Structures are given as C-alpha cells and as structure tokens.
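The values are calculated or read from the model by the stated rules, or taken from the named source; none is laboratory data. Computed from a predicted structure; not experimentally measured. Glycine also receives a Cβ, built like all others from the backbone with ideal geometry; neighbour counts cover every protein chain displayed.
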There are 2 protein chains.
Amino acid sequence: MSHPAAALDDVVHQRFRLGILAILAGGDRVEFSYLREALALSAGNLSRHLTTLVQAQLILVEKGYQGSRPRTWVSITKAGRRAYRNEMTVLRSLLALQDAVPGQDLDEDLPPG
Amino acid sequence: MSHPAAALDDVVHQRFRLGILAILAGGDRVEFSYLREALALSAGNLSRHLTTLVQAQLILVEKGYQGSRPRTWVSITKAGRRAYRNEMTVLRSLLALQDAVPGQDLDEDLPPG
C-alpha cells in the first residue's frame, strides 16, 4: 500500500495553486490583484499558476471591465472544487497518520510560534 | 495578511518529500528500498528528493551493510522534525479555513470515494 502523499496531485498540491484553490473554494469570483496580494506573488508567477489550473480545467479566468478599468476575474470550476476537496481529504489523512505516531514530539522542545 | 499557503516551504511541501518526512517522523531510520516502495518512486527520483532534503539538513543518509548486502538508511534530523511539524501546522490552518467556509459543498453532489 502506498503512502497517502503519493496520492496527491501536483497540479493541486503546489503551494501557490493550493492557495489559489483554497481562496476560490469560498465560491465567489475573485480579482487577479486580490490573489496576487493574498499569495504575495508577482503577476508573472500568478499568471503561470493560473494557466496551469485553467489547462487542468480547475478554474475559469474571465476578462472584462469594471467601469473603464480592465479587470481579470478568477473562479473555481466544479472539477476544481472536486480536486480541492480530494486534496483536503488526503491532507486530513496525512495529519491523522501524524497524530497516530506515538511520542514523536516528546524528545525535544517545541519551536517558538 | 497573506494566505497560509504562502507560508508553506517548497522543500517540505512537495508531495514526495512530504511523504518521506511523514514516514521518517515516526522516528526510526528507514531503508531506501522501503521509501521507494511506500512512495512508488524510481530510485533516481527518490535519490533526487533525498538529496534536496539532505541539502536542507532535514534528513541524514547513511550507507552501510546488512550482512554482505549494501544498505542505505535514511533518518530525520531535529531540523527536519521541526520543518515537518511546521508544515503540519500550516496544513491544519488550511483545513480549518476550509471548514470555516459556509455552504461551499451544498451546491453539488459529492464525488464517489
């Protein structure tokens, strides 16, 4: 039997894409600039991650205007929601495995924070 | 405030390295071949991930013999344990955020499995 980590999907698991999906899983469409700020990403890096997620059909990107200003909105697809939920399920099982290991934290001090 | 996902460390978060650390966090040294099998990795891929973790001082790799057969053992360092625990803490906060989003799963059927 393979470890739960082997069941993770790189497209979803990569930390910035995971962050994007986590934000979008709330349900509303979100502005490009909001994602940039929330994830402290450059526009180029964010664009690259969005392209990966669009290609996997996990998100939608829409371009339009708010008044006279161009805007890019991002939203999650049904498949994206499913992929995100699967990731959360695997993460839960990883955490459960950790909780099941007895005494692993007893031999040293906890780090600050 | 940036999203918790931005606080994840790529060295630890990458799914196979996360799996390696999760296995090693149990505390015992583990054989190379055990990790290969548990994570369904080729020897080359596993070696690459181990090198990344050694360079970050998160694991130790020891070579030796069991009887006449050469063996490679891998164990986690104190820094590795700390990094793994930090990752688990961030994952917990990601999962807590998900739990805090109301009604995000009510509009569609659950996927099988």
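Entry remark, the range B:48-87: residues being in a strand (DSSP E or B) and of a type in the set (D, E, K, R) number 4 in total. Test A:Ala5 against the criterion of being assigned to a helix (DSSP H, G or I) and surrounded by fewer than 16 Cβ atoms within 10 Å (Cβ to Cβ), and give yes or no. So A:Ala5 fails the test. Filtering the range A:9-20 to residues that are touching a residue at least 12 places away in the same chain (Cβ under 8 Å), assigned to a helix (DSSP H, G or I) and not basic (Lys, Arg) leaves A:Val11, A:Val12, A:His13, A:Phe16, A:Leu18, A:Gly19, A:Ile20. With respect to the conditions (1) touching a residue at least 12 places away in the same chain (Cβ under 8 Å); (2) at the interface with another protein chain (Cβ under 8 Å from one of its Cβ atoms), A:Ala6 falls short on a single one, namely (1). Scanning the range B:34-47 for residues that are assigned to a helix (DSSP H, G or I) and in contact (Cβ under 8 Å) with a residue 12 or more places away in the chain gives B:Leu35, B:Ala38, B:Leu39, B:Asn45, B:Leu46. Just a yes or no: is a residue in the range A:15-22 among the basic types (Lys, Arg), within 12 Å of another protein chain (Cβ to nearest Cβ) and surrounded by 15 or more Cβ atoms within 10 Å (Cβ to Cβ)? Scanning the range A:15-22 turns up at least one residue that is among the basic types (Lys, Arg), within 12 Å of another protein chain (Cβ to nearest Cβ) and surrounded by 15 or more Cβ atoms within 10 Å (Cβ to Cβ). Applying the criterion of being more than 13 Å from A:Glu31 (Cβ to Cβ) and away from chain B (no Cβ under 14 Å) to the residues of the range A:60-98, the residue that is modelled with the highest pLDDT is A:Leu60.
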